[in-house]
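A.B. asks: What follows is a single structure, and I will ask about it in a moment.
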Amino acid sequence: MAEELTEFEARLFAWLCKSDFEEVAWSSKTAAKSFKCKEEKIYEGVASLTKKLPNRIQIYYEDGNVHIAAE
């Protein structure tokens with residue numbers, strides 16, 4: 001059974017699903033601006049999502065950029 005998401009993790013996951021970070025490179029700085037928080041909170045949130053929803057999020061590195069796919 002998957003752990004329950006925090007309110008922040010749920011909002012971050014929904015945002016990742018709506019965004020196109022497969023085609024457009026991921027930017028933690030931009031994410032932090034969008035969520036009005038520090039980049040550290042974004043890093044922690046994404047890391048937590050990969051543990052809590054391992055089959056619904058993929059992070060990969062391609063052509064010098066990080067990309068995130070979430071569904």
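Coordinate-derived values only; no laboratory data. Note that the coordinates shown come from a computational prediction; the quantities given were computed from them, not determined experimentally. Neighbour counts are summed over all protein chains in view; Cβ atoms, including those assigned to glycine, are modelled from backbone coordinates with ideal geometry.
A.B. asks: Suppose the filter is out of contact with any strand residue (DSSP E or B) (no Cβ under 6 Å at 6 or more places or on another chain) and surrounded by 13 or more Cβ atoms within 10 Å (Cβ to Cβ); does GLU71 pass it? Quick ask: steps written out before the conclusion?
C.D. replies: Details: out of contact with any strand residue (DSSP E or B) (no Cβ under 6 Å at 6 or more places or on another chain): yes; surrounded by 13 or more Cβ atoms within 10 Å (Cβ to Cβ): no.
No, not satisfied.
A.B. asks: Can you tell me which residues in the range 7-18 are touching a residue at least 24 places away in the same chain (Cβ under 8 Å) and closer than 19 Å to ASN55 by Cβ?
C.D. replies: First, the residues of the range 7-18 that are touching a residue at least 24 places away in the same chain (Cβ under 8 Å): 8-9, 11-13, 16-17.
GLU9, LEU12, PHE13, LEU16, CYS17, listed by residue number.
A.B. asks: For a quick check of your reading of the model, give me the residue pairs whose first member lies in the range 42-71 and is over 15 Å from SER27 (Cβ atoms), whose second is surrounded by 10 or more Cβ atoms within 10 Å (Cβ to Cβ) and among the hydroxyl-bearing types (Ser, Thr, Tyr), with beta-carbon atoms closer than 6 Å and at least 6 apart or on different chains.
C.D. replies: Correct list of pairs: ILE57/THR50.
A.B. asks: Residues to consider are ALA14, ALA25, ALA32; find the one that is over 16 Å from GLU71 (Cα atoms), part of a helix (DSSP H, G or I) and not basic (Lys, Arg).
C.D. replies: Values: ALA14 fails: over 16 Å from GLU71 (Cα atoms); ALA25 fails: part of a helix (DSSP H, G or I).
From the options ALA14, ALA25, ALA32, the qualifying one is ALA32.
A.B. asks: In the range 49-71, is there at least one residue being outside any strand (DSSP E or B), small (Gly, Ala, Ser) and at negative phi? If you could, list the steps in order and put the result at the bottom.
C.D. replies: Of the range 49-71, the ones outside any strand (DSSP E or B) are 49-56, 63-64, 71.
Then keep just the ones that are small (Gly, Ala, Ser); that gives 64.
Okay, now just the ones that are also at negative phi, so none.
Looking for residues that are outside any strand (DSSP E or B), small (Gly, Ala, Ser) and at negative phi, one finds none in the range 49-71, hence no.
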